[in-house]
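The structure appears right after this line, and notes come after that.
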Amino acid sequence: MQTFDLEGFLTQNKQMDANIFLLTHKSNKNDLNWLLAEQIKLYPKAINKLPHFVKNHCWFTSKSYEQASGEASAQFKASLLKGRNLLDLSGGLGVDDWAFSQNFDNVISLDPDISLNDIVRENFHRLQRKNIERISISAEEYLLNTQEKFDLIYLDADRRPAQGKSYFLSNDAPNFLEIQDTCFSLTSKILLKLSPMADLHYLQETLSHIEKIIVVGDKKEVKEVLVLLNSSNESKPIIESVLLLEGEENRHFSSKNDIKLGISQVDSEAGFFFEPHVVIIKAQLSLNYANACGLNQLAINSSFYIGKHLPANFMGRSFEIVKAFEFSKSVFIQYLKSAQLDQANITKRNFVLSVEEIRKAYKIKEGGKDYLFFSTLSDGTRMVYHCIKTA
């Protein structure tokens, strides 16, 4: 018997909008049509974000899908701790529950959305996860009525309860600052998943007992900030950057690395230019990482490095320097002319002009194989680095 090619069907983009229109039209009276329309819209994206869920023909809703962790980040979080009992205060689509259930004997997952929970329970059945209990209740109500102890409490709060993004814990739902004492009465360890925009200084000023802050990203961007709280911890928290790479080992760098800090004298003979990944910059580990890699950071406010060698498994982008020179309007114009450069990728840090101002003033189109980096050294010298990507 011929099998139905679900992936092929759902990626027929020319038919997708028409199918969604027919399923959601007011003349169509089937109560489940909205759910079918959601699958047609979401499955092409879910193939990459949630491949295991797609393979097992799981169901999604737009809001739960948007707020859910990807499988890679969920499995990373699950790798941090193991135990018997875990309480998830914010179940959502259940991707994190699915991952945690592989390292915890029992997972209790809470969400007040009854309709969503029916879908999630069906998904857990399809995924053959029998050790997850989804309960239709709010986190606040559940915490008021339980004395059960847990090895870990996990919270990925709704950061947009009022249809607007928020990066303050007090605006989340549930508000962790209001329930943290109750949580610590039930567990010694709490893991918070926060917005990639969360400010690390704010977190350290607002939360106590922080054992570790982990900035997690993929090849392109920061995906989330994790905060692990431990009721017994009174030490300075460890800050860690983690880069999740498909088909490769994850890359890590931590503030606990014993690195002597300090801006080194910039080596004029350096042949390579480096831009650390945003997980390094977000975690405020740029200088630590430069020293660990044996590279020179251009200035304390400039997360650009130069060096004579290519570090193995560098967390960021690396380039070969074609030409480095001090910036002035006349010198730069002459260089563009001599190098026949009218197109380049431009990045700047700690530099007086914006990228848009540079493009407009010097008529440089976007793109191409050439890269121009603009920065200011510790002594105030404004520099330009013309580079090409390393292989």
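Here are the numbers for this structure:
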item	result
Dipole axis of the chain (+1 Lys, Arg; -1 Asp, Glu on Cβ), positive-most option in LEU169, ALA68, VAL279	VAL279
Over the chain: helical MRE at 222 nm, DSSP H runs n ≥ 4 each giving -39500 (n - 2.57), nearest 500	-9000 deg cm²/dmol
Amide hydrogen neighbours beyond the local backbone of TYR154, cut-off 5 Å, H modeled	LEU87, ASP88, LEU89, LEU191
Antiparallel DSSP beta bridges within region 340-391, percent to nearest 5	55 percent
Low-density loop cleavage sites - trypsin sites (Lys or Arg not before Pro) in region 322-391, where at most 11 other Cβ are within 10 Å (DSSP)	LYS363, LYS369
Environment charge at GLY217 (Cβ cut-off 11 Å; Lys +1, Arg +1, Asp -1, Glu -1)	+2
Environment charge of GLU366, counting only residues whose C-beta is closer than 13 Å and scoring Lys/Arg +1, Asp/Glu -1	+2
Loop trypsin sites (Lys or Arg not before Pro), region 103-175, which have at most 10 other Cβ atoms in a 10 Å radius of their Cβ (DSSP)	LYS130, LYS165
Length-normalised contact order of region 326-369 in % [C-alpha pairs under 8 Å, at least 6 apart]	43 percent
Loop sites in region 177-236: GluC sites (Glu not before Pro), DSSP, at most 13 other Cβ within 10 Å	GLU221, GLU234
Pairs beyond 22 Å (Cα-Cα), from LYS223/LYS389; LYS45/LYS282; LYS308/LYS363; LYS193/LYS223; LYS189/LYS236; LYS193/LYS219	LYS223/LYS389; LYS45/LYS282; LYS308/LYS363
log₁₀ of I(q)/I(0) at q = 0.14 Å⁻¹ - region 272-389, Debye sum with one point per alpha carbon	-0.56
Fraction of antiparallel bridges per DSSP, region 77-254 only, in percent to nearest 5	45 percent
Angle between the chain longest axis and helix 329-338 axis [Cα atoms, degrees, rounded to 10]	90 degrees
Degrees between helix 176-186 axis and first principal axis of the chain (Cα, 0 to 90, nearest 10)	60 degrees
Relative packing of peptides 248-256, 83-91 - highest average C-beta neighbours within 10 Å first	83-91, 248-256
Antiparallel %, DSSP beta bridges [both residues in region 178-316], to 5	80 percent
Net charge over other residues, Cβ less than 12 angstrom from the Cβ of SER188 (K, R count +1; D, E count -1)	0
Magnitude of the charge dipole, region 77-254, Cβ model with Lys/Arg +1 and Asp/Glu -1, debye to 20	400 debye
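Where a number appears in this text, it was derived from the coordinates with a stated rule and is not lab data. Keep in mind that what you see is a predicted model, and the values were worked out from it rather than measured. Don't worry about glycine lacking a Cβ; one is built from the backbone with ideal geometry, like all the others, and counts go over all protein chains shown.
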